[in-house]
Amino acid sequence: MMNRTAFIKFRGTNSFLLHSLSSFQFSTHTASLHSNVSSLIHKITNLNDALNLFDEMSHTRPLPSVVHFTQLLHLVTKMKHFSSSLHLFNQMCSLGVPVDKYSMSIAIKCCCQLYRTKDGFAVLGCCFRRAIPPNVYIFNALLDGLVLEERILEAEMLFKKLIKQKLCEPDVVMYNTMIKGLCKFGNNVTAIALLRLMEQKHCEPSIVTYSTIIDSLCKDKLIDDAFKLFKEMVSDKGILPNVITYTSLICGLCKFGRWDDASKLLKQMEDENISPDVKTFTALVDAFCKEGKVEEAEAVIDIMVERGEVPNIVTYNSLIDGYCLRGEMIKAKTVFDSLRLRGLVPDVVTHSSLLNGYCKNLNIEKAEEMFHEMTVKGLKPDVVTYSTMIQGFFQVGRCVAARRLVDEMHAQGQVPDQCTYGIVLDGLCNNHLVEGALSLFYLVGNSKLNSDIAVYNILIDGAGKNGKVEVARILFQGLIDKGLQPDVRTYNVMISGFCREGQLGEAKLLFLKMEESGCPPNNITYCVLLQGYLKNRHYDDVEMLLREMDDRGYSLDASTLSLFIDHIAAGLLDRSMLKLLGKLVPKELLNDPSLCDWE
DNA sequence: ACGCATGTCT
């Protein structure tokens, strides 16, 4: 007894709970024990208290019922302490608590949320052995695990198998989980088809069903489709949107810079008495920061605080990133240092953001310090951290250090992703190691990594910039042969490569091919081509291109504009072109004093 | 008397 009390104290229980526990211990009557455990469970707010209560319960004789243990298990799971919860479940088994379908489903959920769906299926095996027929709750947890691990094909197979073999009747939650998986995999069309199937099967889609798909559409920049579904949900189904639905839509609008629409939607929320919460506000903070409007982001934080919402680590991570983006590293670091005072713990993302800021502002030493600091704090750099640091090394020409970090990343069990691969290829190209990039590319071969147009864009750009326009041409043909679709960037880097080599005819041919390939030239295409013409003193098409730009509502970027000014000043171009050029000066450049005296 | 699904950041 003494030992146990000491143990409880050691774990930092508050005295209030200890007191409750000691009174609980001496109650022997089953009914009073019953209500006592339930009321204790309701008072628990942290993991320590939960673990201590479990400890008490496991030493009580007769043992509390499986229901009480399950309530506690659920509580710990809700706190997202899946590991602890699983540990408690194992202890329950050791104690001989007769675990049932309820506790089993929680155990399986915990396995799955820990990216151990394999173990989840093992527990399913236990269900069969213990003659506990798995139900829709258990299968949902497993399905969710497969989705979490991005094992979408297996998720689909499980889903279909459950229906076909009538292992369980899918409920709305199961449909929603499957829909989430499809959305995660970018398959909005099938997700919506599944929503229609639900209607057919008289399993009415819920607010979660709609919110899941609406969010996915927003993330895929299909805002109009998202609003179509939103309207259907409200008008046809009579389902009222909640703060989650609104947050997805507002987030989508903000990322598109559609501030007016976002603000209308915020107002609509208020009219419906739905308050924006910390996630809604954070979406706004992030969007402002990404547009460089950090002052507005700060104002949003002030408003949320006034309204009683507490900014969390995600909010501040966005703000830190905003400062980094503007190169205001001192402010970024100040916010970082203030987090602990606010009771927040900087996480891997916080460190990675600051590290990224230092890299982008070419302060590689500070970036390395940050990388070191997080490992000292026991934070594990993830694939994003490594990728950021690798990119930083490449940017300052430290290719060997970059290479070493790729190896360390492997050693630490972090698997490089598509983004890491792109960073390495780009880094090699920009450090005159195109051959190395190409070797890596051919080594990777027909893997999924090489089925991304972005990879080709990097290599073609790298080849072009290193005077290997023939290599660029081969790569371009290669991607066509593979059935990949060149995007506007592919055309731009190809055209840029041709121009650099003075192959203006080839550049023009490709430029003309864009429209007919359903990939119309963008602002950058015109600037690239015009720069090519000017640098090669080939002026025949220049005026026509400028007129086309004007028709399309495009404008010249600063470097192209200054090139034009140089050519006019040198008498290579006629001053009569100034009027046309004037129409193509972007508004933001009109206030630039360095460009005021050009006429 | 106990268990499943939706939105914010690098």
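Taking the criterion of being out of contact with any helix residue (DSSP H, G or I) (no Cβ under 7 Å at 6 or more places or on another chain) and among the acidic types (Asp, Glu), would at least one residue in the range A:343-359 satisfy it? The answer is no; no qualifying residue exists.
Residues in the range A:338-364 that are more than 8 Å from DNA strand B (Cβ to nearest atom) and small (Gly, Ala, Ser): A:Ser338, A:Gly343, A:Gly357.
Looking at A:Arg500, A:Arg537 in this structure, which one is among the basic types (Lys, Arg), farther than 30 Å from A:Ser451 by Cβ and over 33 Å from the mean Cα position of the chain (by Cα)? Before you say what the answer is, go through the steps one by one.
On the way: A:Arg500 fails: farther than 30 Å from A:Ser451 by Cβ.
Exactly one of A:Arg500, A:Arg537 is among the basic types (Lys, Arg), farther than 30 Å from A:Ser451 by Cβ and over 33 Å from the mean Cα position of the chain (by Cα), namely A:Arg537.
I'd like to know if the range A:89-98 contains one or more residues that are under 19 Å from A:Phe54 (Cβ atoms) and either near DNA strand B (Cβ under 9 Å from one of its atoms) or surrounded by 23 or more Cβ atoms within 10 Å (Cβ to Cβ) (or both). Yes, the range A:89-98 contains at least one residue that is under 19 Å from A:Phe54 (Cβ atoms) and either near DNA strand B (Cβ under 9 Å from one of its atoms) or surrounded by 23 or more Cβ atoms within 10 Å (Cβ to Cβ) (or both).
How many residues are over 19 Å from A:Val488 (Cα atoms) and either assigned to a helix (DSSP H, G or I) or without any contact (Cβ under 8 Å) to a residue 12 or more places away in the chain (or both) when one looks only at the range A:513-545?
Residues of the range A:513-545 over 19 Å from A:Val488 (Cα atoms): A:533-544.
Pick out the ones that are also either assigned to a helix (DSSP H, G or I) or without any contact (Cβ under 8 Å) to a residue 12 or more places away in the chain (or both) and you get A:533-535, A:540, A:542-544.
Within the range A:513-545, residues that are over 19 Å from A:Val488 (Cα atoms) and either assigned to a helix (DSSP H, G or I) or without any contact (Cβ under 8 Å) to a residue 12 or more places away in the chain (or both) number 7.
Number of residues in the range A:281-299 that are more than 9 Å from DNA strand B (Cβ to nearest atom) and touching a Ser or Thr at 6+ places or on another chain (Cβ under 8 Å): the value is 1.
Criterion applied to A:Lys109, A:Lys118 was being more than 22 Å from A:Asp55 (Cα to Cα), of a type in the set (Lys, Arg) and within 11 Å of DNA strand B (Cβ to nearest atom), and the one residue passing it is A:Lys109.
If I filter the range A:581-599 down to residues being surrounded by 14 or more Cβ atoms within 10 Å (Cβ to Cβ) and more than 12 Å from A:Leu530 (Cβ to Cβ), which single residue comes out as modelled with the lowest pLDDT? Steps first, please.
Filtering the range A:581-599 for residues surrounded by 14 or more Cβ atoms within 10 Å (Cβ to Cβ) gives A:581, A:584-586, A:589, A:595, A:598.
Going one step further and asking which of them are more than 12 Å from A:Leu530 (Cβ to Cβ), we end up with A:585-586, A:589, A:595, A:598.
On the way: A:Val585: 89, A:Pro586: 82, A:Leu589: 65, A:Leu595: 49, A:Trp598: 42.
Filtering the range A:581-599 for residues that are surrounded by 14 or more Cβ atoms within 10 Å (Cβ to Cβ) and more than 12 Å from A:Leu530 (Cβ to Cβ), the one modelled with the lowest pLDDT comes out as A:Trp598.
Among the residues of the range A:46-105, write down those that are of a type in the set (Ser, Thr, Tyr) and in a helix (DSSP H, G or I). Across the range A:46-105, the qualifying residues are A:Ser58, A:Thr70, A:Thr77, A:Ser83, A:Ser84, A:Ser85, A:Ser94, A:Tyr102, A:Ser103, A:Ser105. What pairs come up if the first residue lies in the range A:170-189 and is charged (D, E, K, R), the second is within 9 Å of DNA strand B (Cβ to nearest atom), and their beta carbons are under 7 Å apart, counting only those six or more places apart or on different chains? Filtered contacts from the range A:170-189: A:Asp171/A:Val136; A:Lys180/A:Val147; A:Lys180/A:Thr212; A:Lys184/A:Val147. Taken together, the residues in the range A:108-127 that are in contact (Cβ under 8 Å) with a residue 24 or more places away in the chain and assigned to a helix (DSSP H, G or I) amount to 9. Restricting A:Val234, A:Val278, A:Val335, A:Val310 to residues that are within 15 Å of DNA strand B (Cβ to nearest atom), under 20 Å from the mean Cα position of the chain (by Cα) and without any contact (Cβ under 8 Å) to a residue 40 or more places away in the chain narrows the list to A:Val278.
Taken as a whole, the condition of being in a helix (DSSP H, G or I) and away from DNA strand B (no atom under 16 Å from the Cβ) does not apply to A:Ala367. Where helices (runs of 4 or more DSSP H) sit wholly within the range A:375-485, those with at least 1 residues that are touching a residue at least 24 places away in the same chain (Cβ under 8 Å), aliphatic (A, V, I, L, M) and over 22 Å from A:Cys359 (Cα atoms) occupy A:434-444, A:453-465, A:469-481. Within the range A:324-352, the residues that satisfy the criterion of being under 16 Å from A:Ala297 (Cα atoms) and in contact with a Phe, Trp or Tyr (Cβ under 7 Å, 6 or more places away or on another chain) are A:Lys331, A:Ala332, A:Val335.
So that you can scan it fast, the table gives a plain yes or no per residue for (1) surrounded by fewer than 17 Cβ atoms within 10 Å (Cβ to Cβ); (2) at positive phi; (3) not acidic (Asp, Glu):
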| site | (1), (2), (3) |
| --- | --- |
| A:Leu86 | no, no, yes |
| A:Ser103 | no, no, yes |
| A:Asp119 | no, no, no |
| A:Ala131 | yes, yes, yes |
| A:Phe159 | no, no, yes |
| A:Cys168 | no, no, yes |
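Annotation: A:Ser235 fulfils all but one of (1) touching a helix residue (DSSP H, G or I) at 6+ places or on another chain (Cβ under 9 Å); (2) on the phi < 0 side of the Ramachandran plot; the unmet one is (1). Restricting the range A:198-231 to residues that are free of Cβ contacts under 8 Å to residues at least 12 places away in the same chain and part of a helix (DSSP H, G or I), the residue that is surrounded by the most Cβ atoms within 10 Å (Cβ to Cβ) is A:Lys228.
Of all residues in the range A:195-229, those satisfying the criterion of being within 13 Å of DNA strand B (Cβ to nearest atom) and among the hydrophobic types (A, V, I, L, M, F, W, C) are A:Leu195, A:Met198, A:Cys203, A:Ile207, A:Val208, A:Ile213, A:Ile214, A:Leu217, A:Cys218, A:Ala226, A:Leu229.
The values are calculated or read from the model by the stated rules, or taken from the named source; none is laboratory data. None of these values were measured; they are calculated from a predicted model. All Cβ positions, even for glycine, are placed from backbone atoms using ideal geometry, and neighbour counts span all protein chains on display.
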